[in-house]
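One structure below.
Any read-out appearing in this document is the output of simple, stated calculations on the displayed coordinates, not a laboratory observation. This structure is a prediction, so every number in the text was calculated from the model and none was measured. Quick reminder, even Gly has a Cβ in these numbers, built from the backbone with ideal geometry, and neighbours come from all protein chains shown.
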Amino acid sequence: MESSDRPCTVYGLAQANKAILPRDAGGPWGQRIDVSVSGSDAWGLVVSAYQTRRNNQSDWNRYSLVGFCVDCLDKTAPSTQFVR
């Protein structure tokens with residue numbers, strides 16, 4: 001299956017790439033951190049979490065969540081993404 005057949009997967013990978021970019025010029029790259037999803041519908045959600053530290057310790061770190069629903073793998077519309 002080509003990547004164009006799974007747009008939500010490609011979109012999720014692109015958002016994860018954005019999540020690890022340094023926040024500051026010359027700053028540290030984001031690191032994947034532990035995340036878990038629970039509940040009766042947890043089987044249908046894939047989530048990754050990232051932390052990007054800052055050069056200045058008084059600045060807030062950036063935390064990013066990237067997720068997509070497993071059910072959307074067979075659909076053409078991308079799922080909801082959250083990256084902050």
Quick note on 29, 60, ordering by fewest other C-beta atoms within 10 Å, gives 60, 29
Yeah, the range 8-60 with a ≥ b ≥ c from its alpha-carbon gyration tensor (a/c under 1.5 is rounded, else prolate when a/b outruns b/c, oblate otherwise) is oblate
